[in-house]
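*Asks:* Take this structure first; my questions come after.
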Amino acid sequence: MKYKIAATACAIVLPGFAMASDCGEVSITDMNWASSAIVTEISTFLLTHGYGCDVTRVPSDTVPAVTSLSENGEPDIVTEMWTNGGGEAYKKLVEQGRVKELTAVLEPGGVEGWWIPTYLADAHPELKTIEGVLANPELVGGRFNNCPEGWGCRILNDNLTRALGVEESGIEVFDHGSGETLAASIAAAYDAQEPWFGYYWAPTKVMGKYNMTKVELGPVDPEAHHRNQTKDRDAPEISDFPPSPVWTVVTNEFEAEHPELAALMSNVKFTADEMSTILAWQDENNASAEEAAVNFLINNKSVWADWLNDDAKSNLAQILN
């Protein structure tokens, strides 16, 4: 499979490949997490070979990207802005009209929650709610798999488990030492078809590989959720996890100067489940982000063709046909 992907990647960038008229220089973030890396690879290919852009990829993370936008008005495109991590500096950029949120690149956003394997939910539908879980601790193995120390979700989970009386119900709160052991616990449960109950998030390769069902904790209360991010709250509250907004962001100057490119980037988007599936394929094939992007381009032509304008479709006709 990797040889096929690599060969296809070479074929579609050979000299003589049809190119759009030169759109000039474009800078785009190369974030240091898996989903954003894939969005950047796909976007770079389409911008380069569909629209004829000279694309510069800027290694970045959320805070450095916000700082660079604030101080330098660059880069032109931020592929995955997790707005809950951008802080007041990011909010100020939006309020001042210096950046434009083009589209929710991940829909409904970053998804967090408490989960059980779907085979467990199918066997015991009552476990789909937290009330059912707390009433039947033995059915979930008597354990809640918690985040490692130092993660933001650890503070939220510690407050939620106290608010819900998880330990009082007879469920041990097990604090994992790393993200690797948390992921491994899901894999081990699935391999043995055993109970599992705990925290995880999407999009991730784990959620793409294993079919999980979200446990309903109750209504989302954004203010209570925010207050639960304070460590060791005296009176923690109950709220389910709201999705974390994830936007493709561009500078206002870029949108004004390149409306056709802004339109393209408005179309490049995935559901959290779709991105988890891509990440699972990448992991199972020991593939790079570039190889995962090429695999997506090969197998989803009808999807990304609709992202393009007519000129870009013409330039990419060799692949689309």
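*Asks:* To check you understand DSSP bridge types, tell me what percent of the beta bridges within the stretch 111-227 (both residues inside) are antiparallel, rounded to 5.
*Replies:* Rounded to the nearest five, the antiparallel share is 55 percent.
*Asks:* What net charge do the residues around ALA224 carry, taking every other residue with its C-beta under 11 Å from that of ALA224, with Lys and Arg at +1 and Asp and Glu at -1?
*Replies:* Every neighbour counted, the sum reads -2.
*Asks:* Taking the chain as a Gaussian network, Cα atoms linked when under 10 Å apart, which of ILE186, ILE278, ILE155 shows the biggest mean-square fluctuation?
*Replies:* Largest GNM mean-square fluctuation: ILE155.
*Asks:* Mind checking which lysines have their C-alpha under 23 Å from LYS100, skipping anything on the same chain fewer than 8 residues away?
*Replies:* Reachable lysines: LYS91, LYS92, LYS269.
*Asks:* Classify the stretch 111-227 from the C-alpha gyration tensor, please: rounded if a/c falls under 1.5, else prolate or oblate depending on whether a/b exceeds b/c.
*Replies:* Here the stretch 111-227 falls in the rounded category.
*Asks:* Please order MET212, MET81 by the number of other Cβ within 10 Å, starting at the fewest.
*Replies:* Ascending number of Cβ neighbours within 10 Å: MET212, MET81.
*Asks:* Oh, and also: Residues with beta-carbon under 9 Å from that of MET31, excluding MET31: net charge, scoring Lys, Arg +1 and Asp, Glu -1?
*Replies:* Within the 9 Å Cβ shell, the charges total -3.
*Asks:* Please work out whether the stretch 90-132 counts as rounded, prolate or oblate from its C-alpha gyration tensor, where a ≥ b ≥ c are the square roots of the eigenvalues and a/c under 1.5 means rounded, while otherwise a/b larger than b/c means prolate and anything else oblate?
*Replies:* prolate
*Asks:* Looking only at the chain, where both bridge partners belong to it, what percent of the DSSP beta bridges are antiparallel (to the nearest 5)?
*Replies:* The antiparallel proportion sits near 50 percent.
*Asks:* In nm, to one decimal, how far is the SER244 label point from the TRP33 one, both placed 7 Å along Cα→Cβ?
*Replies:* In this crude spin-label approximation the distance works out to 0.4 nm.
*Asks:* Something else: Cut-off is 10 Å between beta-carbons; in what order do GLU41, GLU290, GLU284 appear when sorted fewest neighbours first?
*Replies:* Going from least to most buried by this count: GLU284, GLU290, GLU41.
*Asks:* Something else about it: Separation between the GLU149 and ASP234 pseudo-spin-labels, each 7 Å from Cα along Cα→Cβ, expressed in nm?
*Replies:* Inter-label distance under the simple model: 2.6 nm.
*Asks:* Measure out, as a whole number of angstrom, how far apart the alpha-carbon centroids of the stretch 265-321 and the stretch 42-93 sit.
*Replies:* Spelled out, the Cα-based centre of one part sits 20 Å from the other.
*Asks:* Ranking TRP151, TRP281 by Cβ neighbours within 10 Å, fewest first, what do you get?
*Replies:* By the 10 Å Cβ count, ascending, the order reads TRP151, TRP281.
*Asks:* Around THR83, with a cut-off of 12 angstrom between Cβ atoms, what is the net charge of the other residues, counting Lys and Arg +1 and Asp and Glu -1?
*Replies:* Residues close to THR83 contribute a combined charge of -2.
*Asks:* Past the 30 angstrom mark, what percentage of all C-alpha to C-alpha distances in the chain do you count?
*Replies:* More than 30 Å apart: 41 percent of the Cα pairs in the chain.
*Asks:* Between ALA123 and GLU216, what length comes free when the chain is fully extended (0.36 nm per residue of separation minus the Cα-Cα distance, one decimal in nm)?
*Replies:* Additional length available on full extension: 31.8 nm.
Read-outs throughout are calculated quantities, based only on the coordinates presented, and are distinct from any laboratory measurement. Remember, predicted model here, so these are calculated numbers, not experimental data. Cβ coordinates were reconstructed from backbone atoms using ideal geometry, including for glycine residues, and neighbour counts include every protein chain displayed.
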